[in-house]
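> I have a structure here, written as structure tokens, and I will follow up with some questions on it.
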Amino acid sequence: MGEVAVADPSQVVGVISDFRTVHNIPHRVSCRVLGVSESWFYKHRIRKPTARQTRHLRLVEAVKEEFTSSGGTYGSPKIWVALVRKGWRISVNTIARIMAELGLAGRKVRKRRGLTRPGKRPASPDFVRRDFTAEAPDLVWCGDMTEIDSGEGKLYLATVIDLFSRRLLGYAMGARHDADLVVAALHMAAATRGGDVCGVIFHSDRGSEYGSRKFRRACRKLGVTQSMGRVGSCFDNAVSEAFNSVLKVEYVHRHTFATRSEARIRIATWITDFYNARRLHSVCDWISPIDYEHDYWAGFTEELAAQDGLHKTRGLTVRRLQLSPLCASHRCPAGREGEQPGARNTVCPDGVGLPPYCRRHARASVSRPHRPPWLPGSSSCRAGPARGPASPPAVPRTRAPSGPGRRPR
């Protein structure tokens, strides 16, 4: 009786109707067994669903659709974000309750224990120090290696991730974990960014692949500065470790790969089609990494356009800036007068329009039009640069001395 009291009336009515249709049990007997009256049964059988019930059914279908489209990996927070963006007004607890009723569960984390011993190879200093944030793309990258089981044996994956958007810029897979694999991933990341990545900091663990001569040589050729965490501490490279966990839990552990080639193709498809392009990321304000970068460059372009109009009203001419290696990878997405889109080191004077990390290292070279000596901002005027539109020279006036001890102007 207690279970029937808390059950959905539509479900109770369906059970009673099924007893009559399938087992030829009269409605009177079923109602007596379930503890409901016949009048209650007939009333709810002909009653139309209320607006609340209809909305609940639509919400259940929407939750199922979002869970299926994510490959069965999204939990209640991400499904809630996706539904809110579609116009639903619902709480995350309601989504969690519906998923529990439907038996839907996101990724489950498996605990794993490991032990790492320090080696004798020289290691690079740690420039990141667990600060996995970046104010713009191509400032700090991180990378790691992981293994994937297949029917033919283990397949090793090397990755390169941008800390700004968590976008996977480069990856390489092979049957052996050696220096060639990490070098190939680094070259793919550089090609994704246009080939010129001078000044980027690449952070990794102290694996033998990242400390090899071949990888250090590749970093020197590209102008990339290496950074390494401590031995045996997964938290010093937490972003790469988190991606490996997402890859294993959300995709690899849900599929079986007969050959290495099958695993390579399917994992590459998951990275390019889902992770970079469609997967919601909490660091990216719950949008995909590629969309997050597009929004950044769109806002940066608007800021440059606004600053360009301001400088034109002041009669300033923008030249190239000399940036430090940390800022050398900065690009102008919109292009400026006399420059092509994507040109480097082309920004507003004094670093205006650059993020704070670039403004600290920018040394601007600004040329001004010729000014007469009487205008503020000229070489013979000690008043400094002009702060507004110049005014014509004032007509000299003479005033008679007024009062003792006062000098005439």
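The values are calculated or read from the model by the stated rules, or taken from the named source; none is laboratory data. This structure is a prediction, so every number in the text was calculated from the model and none was measured. Backbone-built Cβ (ideal geometry, glycine too); neighbour counts: all protein chains shown.
> Could you please find all residues in region 33-77 being of a type in the set (D, E, K, R), assigned to a helix (DSSP H, G or I) and modelled with pLDDT under 85?
Within region 33-77, 38, 43, 45 qualify.
> Which residues, counting only those in region 249-258, are assigned to a helix (DSSP H, G or I) and in contact with a Gly (Cβ under 8 Å, 6 or more places away or on another chain)? Show your work before the answer.
At the first step, the residues of region 249-258 found to be assigned to a helix (DSSP H, G or I) are 249-250, 252-254.
Across region 249-258, the qualifying residues are 250, 254.
> Please tell me if residue 261 is exposed (fewer than 14 other Cβ atoms within 10 Å of the Cβ), in the same structural domain as residue 181 (by TED's automatic domain parsing), at pLDDT below 95 and outside any helix (DSSP H, G or I). Walk me through how you get there before you give the answer.
Numbers: exposed (fewer than 14 other Cβ atoms within 10 Å of the Cβ): yes; in the same structural domain as residue 181 (by TED's automatic domain parsing): yes; at pLDDT below 95: yes; outside any helix (DSSP H, G or I): no.
Taking the combined requirement at face value, the residue does not satisfy it.
> With the structure loaded, tell me whether residue 165 is within 21 Å of residue 223 (Cα to Cα), in contact with a helix residue (DSSP H, G or I) (Cβ under 7 Å, 6 or more places away or on another chain), among the polar types (S, T, N, Q) and surrounded by 23 or more Cβ atoms within 10 Å (Cβ to Cβ) or whether it fails that test.
No.
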